[in-house]
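J.: Below: one structure in structure tokens.
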Amino acid sequence: MRKIFVILSAVLLVAFALQFVFAAVGAFTRPAVDGAYVLHSVNGTAVIPALTLLTILFAVLAKAPGRLVGLAVLPLGLVLVQALLAMFANAATDSVGGSTPIGLTIAALHAVNGIIAVHVVVSVFQAARDLARSTPASATPTAGVPRSVGPAVRAEGSA
């Protein structure tokens, strides 16, 4: 379960990195069209939340410490904040649909929140990797055998 937790957190990190790429695609599409941000929207509203839920599930199944499970939950909240910021930024336009200083400020917060989310996911990935590297005592082949006896017992048994 721990290896799956690591893999899922890595895939989640890739999805977050792609989110920035998809935002750039939308921003630099010329002429600007309504569908320019479709990849960004789909990734942010479907792929990232689904991967986050799977990451949380496997953090629990991997018996991660509560603090790490909580850290794995945090991106879900940040994604919700992202959606709200995007909605408010889009709603804060002038009478002809043009950008306003308030709307641009909210849009900037959307970007900052995205950066924070990536940092959280990096931390989840690093902690998941560290957890996977730390093998519980019950999983070692010589569990319950004193270290001074372990290698000798294995050597005698294999000869």
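Computed from the coordinates by the stated procedures, all read-outs in this text should not be read as laboratory data. Fair warning: this is a prediction, and the values are worked out from it, not measured in the lab. Glycine gets a Cβ as well: all are built from the backbone with ideal geometry, and neighbour counts include every protein chain shown.
J.: What net charge is computed for the residues neighbouring Leu68, neighbours being all others with C-beta under 13 Å from the C-beta of Leu68, Lys and Arg scored +1, Asp and Glu -1?
T.: +3
J.: Divide the volume of the convex hull of the Cα atoms of region 2-135 by its number of residues and quote the answer in cubic angstrom per residue.
T.: 89
J.: Applying the Karplus parametrisation 6.51 cos²θ - 1.76 cosθ + 1.60 with θ = phi - 60° to the phi angles of region 92-108, what ³J(HN,Hα) value in whole Hz is obtained for each residue in order, glycine and proline being reported as x?
T.: Along region 92-108, the couplings run 8, 10, 7, 5, 9, x, x, 5, 10, x, 5, x, 5, 5, 5, 4, 5 Hz.
J.: Using the Karplus curve 6.51 cos²θ - 1.76 cosθ + 1.60 with θ = phi - 60°, work out ³J(HN,Hα) for each residue of region 31-36 in order, rounded to whole Hz, and write x for Gly and Pro.
T.: Taking θ as phi minus 60°, the curve returns x, 5, 10, 4, x, 4 Hz for region 31-36.
J.: Sorted by packing (mean other beta-carbon atoms within 10 Å per residue), highest first, where do 91-103, 18-30 land?
T.: 18-30, 91-103
J.: Give me the one-decimal nm value for the distance between modelled label points at Met1 and Ala32, 7 Å along each residue's Cα-to-Cβ direction.
T.: Between Met1 and Ala32, the label points sit 4.8 nm apart.
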